[in-house]
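Only one structure is covered here, and it is reproduced in the block below.
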Number of protein chains: 2
Amino acid sequence: MSDQTSSTISSAPPPVPSGPRPKITNRGRAAAPTANSNMDSSDIPEYEYFVAPGPRGYPPLTEFLDVWEVDMKHHHEDTNRTSHKTHLYNLDSLVVRRGQEFEVNIKFNRPYKPDEDKFAVEFVIGSSPEYSKGTYMPVFAVKERQTAWAGRITETSENTVTMAVTPDPGCIVGKYHMYVAIVTPYGIRRTKREKSRDLYILFNPWAADDDVFLNDESERQECVMNEMGIIYHGSYDDIAERTWNFGQFNVGILDACLYILDRSQMPITSRGDVVKVVRQASAMLNSRDDDGVLVGNWSGDYTYGVAPTSWTGSTDILLSYQNTRSPVCYAQCWVYAAVFNTFLRCLGIPARVVTNYFSAHDNNGNLKTDIILDETGRIDRGRTKDSIWNYHCWNECYMARKDLPAGFGGWQVVDSTPQETSDGMYRCGPASVNAIKHGQMCYPYDAPFVFAEVNSDVVFYMRGKEGTMEPVKVNRSHVGRAVYTKTPGELTRKDITDQYKFPEDSTEERTVLEKAVAFGCTREESDPLPADVDLILPSVELAVGQDLELSVEFVNRSEQRRTVEAYVSGSVVYYTGVTSAEFLFTTPRVTLEPGQSEKELVDVEARRYMKHLVEQANLNFIVTGKVKETGQIVTAMKVVTLRKPELIVEVSGEPRVHEEMTATVQFTNPFSFNLKGVYVRMEGPGVMLPSFRYYSLLAPNTPLVWTEKFYPQRAGTTRIIASLDCPALRQIYGEKSITIKP
Amino acid sequence: MSDQTSSTISSAPPPVPSGPRPKITNRGRAAAPTANSNMDSSDIPEYEYFVAPGPRGYPPLTEFLDVWEVDMKHHHEDTNRTSHKTHLYNLDSLVVRRGQEFEVNIKFNRPYKPDEDKFAVEFVIGSSPEYSKGTYMPVFAVKERQTAWAGRITETSENTVTMAVTPDPGCIVGKYHMYVAIVTPYGIRRTKREKSRDLYILFNPWAADDDVFLNDESERQECVMNEMGIIYHGSYDDIAERTWNFGQFNVGILDACLYILDRSQMPITSRGDVVKVVRQASAMLNSRDDDGVLVGNWSGDYTYGVAPTSWTGSTDILLSYQNTRSPVCYAQCWVYAAVFNTFLRCLGIPARVVTNYFSAHDNNGNLKTDIILDETGRIDRGRTKDSIWNYHCWNECYMARKDLPAGFGGWQVVDSTPQETSDGMYRCGPASVNAIKHGQMCYPYDAPFVFAEVNSDVVFYMRGKEGTMEPVKVNRSHVGRAVYTKTPGELTRKDITDQYKFPEDSTEERTVLEKAVAFGCTREESDPLPADVDLILPSVELAVGQDLELSVEFVNRSEQRRTVEAYVSGSVVYYTGVTSAEFLFTTPRVTLEPGQSEKELVDVEARRYMKHLVEQANLNFIVTGKVKETGQIVTAMKVVTLRKPELIVEVSGEPRVHEEMTATVQFTNPFSFNLKGVYVRMEGPGVMLPSFRYYSLLAPNTPLVWTEKFYPQRAGTTRIIASLDCPALRQIYGEKSITIKP
């Protein structure tokens, strides 16, 4: 079908050459690659001439002012450290915060003459530094007021000049290098690159012009400066707590945090924007998509890593990620939140870990958690796929949100636990807490997802034979029952539920829910009449291995006789609400006279649940049933967190900085079986780096004692934190408060 | 340091077992995996009993109504096809649009008795279908008005019932399977799964309740039904156009588009949400991050694939992606936009390709494109890293944006060309065009990025000796000079610039720019006085291989003498504005008396630029200079797109459906050198599938003639589109209009 003349040669297309394809470059598309690593840097030349070389080469620039010594004033006693609140960083470099003045001393070969000599201190970050990109900032000593990167000479003494520099309050955060450049009529002569003139510039919650400005000293002390955290877990009516060592000032942590941004290939020029930094980090803290910091695992099998329940702090995790350049195994939500918190505080972003009790896990901004019952009122486990986490931890961080209209700054939710993909990646936030409270779901990022976590309805559907579902009960107050965080400066918990929601049944609450629906959230509109029979499950305290007599109370509030055919189910559940195994099932039938109530007692034997126990040892009791006379559905749920044996931490020695002390962890196996593969971990904020012991076997009724020396690094009240964890028994924590004298 | 009793065995932790790590599952974290493929499906059981088996097993359900035959009424003449405007899909299955009624015929073993018999048609999509997730929808014939998935019987005739079904206007878009279920007192009996009962449900711009509703028939005919597109390229003052075959109705294209969503693992339950679908697709159309459809390549070396300039339509690209399951090589912006457009129109989302002339490529919502001059006024190419694309193509698609406050629905920008990562991935949009126009940058997605593409200022900086930069000229009108798209129903271009921006220098424009700055965009505030000398470069028409005398006009508007020291630079540039090679450089010095103007003539010889030509053969002339008397900077830029030799397409034969016709492509090598590795492509919307010829060599002045038979599939006016492409000469297009009679 092709006509050819003699000098047109038609043939099959050439074979595609084998071997690897050529690397696709940015040639033709962009003028330069994007600088996306804080470790890359290009040297600024030592000599830069303005003039052409003469017959004897370039004129010597050494005849002008010569730099002999630069002192970055980064030592512990230097005011740069204390005035910038960076004295706790365990780092042999200058660490300062942006938007605030710091000083360096420059010693010349002769006294500085302001009218003749001209010099600049230059700050450089990343490869291809550029003034217009904010990656190359020359600072001169000038008299007039400057807007960005101001410089002034505060003191001259003999050959030494003290230069004070104020980095722009919106400047890039990360590791810079400082040069001193002498400007002569013939050219510029610079100091050579030397590690001692590296410096770190961080976010500054103390600077009014910084987007992370937080105008409350006690909040700042807690959310930036405190290395010790308390994380709330357990269940809503039986709240448990554990101590965590954020360790944001430990050796290597600041570099490890910057490594996370480098690993994400985040462009250097975006790193002054706190919104972008926290969003990027929420993606990078989990390993999904991007080989980030922590591998999530909720399976119960942690053979190839550390059980999520075993960690006592963030230090090991962050250092391991940087050293191995591989994701660290394993994490669940509180580990993600705690390590993310370290990252945020370390970079100077005010941050706290919060816990939401009965957290709905949903997607698509669907405001329903569906529980499917069959026609008899029994839960259809095959069809019930949504789950409500007993609790879920995330982070809040504080910022101005200049990218949104006024009113949505302040605390922002960020969450790095891989629940659902946000916009194609596993990450979440920053979502303005105030926007969530007011149902303003249209502002980035992920407000609908967080809104559903605290506002979903639990909808019980009865499934008809033909596959249709009828909503039979809607519980609008179960989810998001309470949100807690640690009180600044204290060891108590603070209820911040009212920052997320208006009071139940208030006019404001209704308005907010209507607004959410207008923005496309689907919600169960029907409101089935509540049954006139109440079902009550009491709060229960139960230690691992104990039997229990569960009392299920039926209350007839009507003026007729009522018969309830009930299903009582007991399951071992993960903290995510997912059922591991059902160990108890009974079907009591209860008849109640008008106004009468009756208690049905159900025996729960330890031998039935013990073999199924997972993780955090939660039992979940669900009672559902149908009222024979009215067809109405009654339901009740109760999560029981089993009490664990104690882990005792004792401390001895003189509690004084740099003095030797000892900490002892003690534990006795209370069971009649061997505990195998036991890890014990111990650390203390500001006093002890993390370490662990492994015991392959701990026989019944046998004590375990581990003593460790430590030398407190600084004064103040802190804690020694310990954990014990083995496949048969997880989440055993102990701690001891100590106050170190200076 | 550890104390142990006899029955506590402490040892090193167990070695980590070698071999692959266990796959991390969702066990413990979620109750069920997310359904994210439209190809996965689970069979619904044929029999579902409500009763327990009796002594002789289950009661036979066959004694009740029995389904003999189901007719999906998907043939060309069926009204389902025409009323749903899906008659053009080349597919042997029913294709309908949501929110609109369609009919199926069900033939039973006996006449249907409304009072006794009960049946449902059930629609199922993806694995784990669930009523509450919208993935399992049983539809009964009922009399009362239904809100979602309504069903009614429109006709009964002997044993056959015609059932009419209206899918919910917000339902999931994709490939469903339909079952007929007979509901008996003992249980349900269903038809077996069979390919003939598969059906596709698409978005519906004709349905008022669908988010993609577009209330304009000529727009719908263009942006959903038209397979032929015109894409504008070239330069602002010399606009070129080419025809493209979107081919959204070709065999296999609809399945290939659904495959893209499957490949992205987009949850099935999100696929009814047009905002999520287009955002996901904007990420998946390029291969970055996610092994998506098209590999971008701007390098000029396309050895391992097809040159971006060579494609004539989307069909080959989409089919190849699905067949090889690998990204297709290669694309540049118009290829991304064209293939994305096919995807959108194919799924029923109104979409068009638009071209923005002088498109700023920036990141971080920085509203500046920086050009750095040295102290003499000459461009510092090493430091000038931003680029302005001569043109950039993206897509607009039409939707309601329920996720945003009122006023931001309508046309939305989506862009799949990998320019900058949006929120961590290479994708862009949907960004409301109206939000861009009004500077409402706070609404998702990527409004700041698109805003910068049309609104950036070009800032000329003069770099001082000490590294600081001083803005010396700001051009606020160069970028985003015009935005064009094809006029609905016509072959002309439509100027839609006013949908993106208020008029230059209007009050509204100033307000919008202030708002953008308030949302955190940085903009050059200073406004250096314009020089009183103007520099003018004329428009030029130039064919490849021709010499040119470029006239640079200097106009002195002042009342003093002016001397300009100018730099005239000629470069071969990519369409991205990136310089490939400078082939011309002169430094005229011009002295002008008050009010005088003078033309400086510069010889541009073909032999100098020919050896450097890349791609689309653009020459870029930049003149910069400094006025000696005032120190002011003058600049002028002009992009010249070289005229190409002609590619002639001729058509013969009777232009009637299914009649044989022939198309002939002719080309003569006008150069004095051999053209090597020549690809010629040809196709025509609705008349000819794509094919190509390869000519390894075409000698000087030698004609190439290729004749191809074709059989028009449908009536109407269309075009045969052809391209010729070889490394030495790219982007040669030809076309021929034909009108096919029925």
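Details
- On full extension, the segment bounded by B:D495 and B:T324 gains 57.6 nm, given 0.36 nm per residue less the C-alpha separation.
- Label point 7 Å beyond Cα of B:S691 along Cβ direction - residues of the stretch B:700-732 with amide nitrogen under 19 Å: B:704-714, B:719-725
- Taking all pairs of distinct alpha-carbon atoms in the protein assembly as shown, Kirkwood radius in angstrom: 36.3
- Once the C-beta distance of B:Q560 and B:T303 is scaled by a Förster radius of 51 Å, the resulting FRET efficiency is 0.30 to the nearest 0.05.
- Shape of the stretch A:629-673, Cα gyration tensor, a/c cut at 1.5: oblate
- Cα gyration tensor, the stretch B:522-649 - rounded (a/c under 1.5), prolate or oblate: prolate
- For the stretch A:227-347, the spherically averaged projection of the C-alpha convex hull amounts to 7.9 nm².
- Spread of Cα-to-Cα distances over 5 Å intervals beginning at zero, given as percent, for the stretch B:611-720: 2, 9, 14, 14, 12, 11, 9, 8, 5, 4, 4, 3, 2, 1, 0
- Pair B:Y49, B:M225: separation of 7 Å Cα→Cβ label points (nm): 5.4
- Measuring nothing but protein heavy atoms, the accessible surface of chain A at 1.4 Å probe radius is 48 percent carbon and sulfur.
- Hydrodynamic analysis of the stretch B:151-224 uses the Kirkwood radius over alpha carbon pairs. Inserted into Stokes-Einstein at 20 °C and 1.002 mPa s, it gives a translational diffusion coefficient of 139 µm²/s.
- Percentage relative contact order, chain B, counting C-alpha pairs under 8 Å, at least six apart: 9
- For chain A, the normalised intensity computed at q = 0.04 Å⁻¹ comes to -0.22 (log10 of I(q)/I(0), Debye sum over alpha carbons, equal scatterers, no solvent).
- Listed by chain and number, the lysines placed with their C-alpha closer than 19 angstrom to that of B:K676 are B:K611, B:K644; residues fewer than eight positions away on the same chain are left out.
- Put a dot 7 Å past the Cα of A:T487, heading toward its Cβ, do the same for A:A699, and the two dots end up 4.8 nm apart.
- With the label put 7 angstrom out from Cα along the Cα-to-Cβ vector, A:A164 ends up 8.3 nm from the copy partners, going from closest to farthest.
- Across the stretch A:100-232, Cα pairs under 8 Å and at least six residues apart give a relative contact order of 23 percent.
- Added length on full extension, which subtracts the Cα-Cα distance from 0.36 nm per residue, B:E659 to B:E101: 197.3 nm
- The mean number of partner chain beta-carbon atoms within 10 angstrom of a residue's beta-carbon across peptide B:290-301 is 3.
- Ratio Rg/Rh [Cα only; Rh per Kirkwood] for the stretch A:429-544: 1.04
- Within the shell defined by Cβ-Cβ distances under 15 Å, the residues around A:L542 carry a net charge of -2, with Lys and Arg each +1 and Asp and Glu each -1.
- At 7 Å out from Cα toward Cβ: B:E508 inter-copy label distances (nm, ascending): 3.8
- Label zone of A:Y711 (point 7 Å out along Cα→Cβ, amide N under 17 Å): in the stretch A:641-664 this covers A:653-663.
- Residue and distance (whole Å) for the chain A Cβ nearest the axis that superposes A on B: A:P444, 2
- Shortest-first nm distances, B:G409 label point to equivalent points in other copies (7 Å, Cα→Cβ): 3.5
- For the cross-link pairs B:K385/B:K626; A:K73/A:K276; A:K192/B:K465, the ones whose C-alpha atoms lie over 26 Å apart are A:K73/A:K276.
- Normalised contact order of the stretch B:449-572, rounded percent, pairs of Cα under 8 Å and 6 or more residues apart: 16
- Sites A:D40 and A:D238, calculated FRET efficiency, Cβ-Cβ separation with R0 56 Å, nearest 0.05: 0.65
- Number of partner chain Cβ atoms within 10 Å, mean per residue of B:701-708: 4
- Inter-probe distance in nm under a simple model that places probes 7 Å from Cα toward Cβ, at B:S539 and A:S652: 9.5
- Cα-only radius of gyration and Dmax that characterise the stretch A:319-454, units Å: 17.0, 57
The values are calculated or read from the model by the stated rules, or taken from the named source; none is laboratory data. Because the structure is predicted, anything quoted here is derived from the model rather than measured. Because the Cβ atoms are built from the backbone with ideal geometry, glycine has one as well, and the counts that use them run over all protein chains shown. Surface areas here come from the heavy atoms of the whole protein model, side chains and all, with no ligands, DNA or RNA. Shrake-Rupley method; radii C 1.70, N 1.55, O 1.52, S 1.80 Å.
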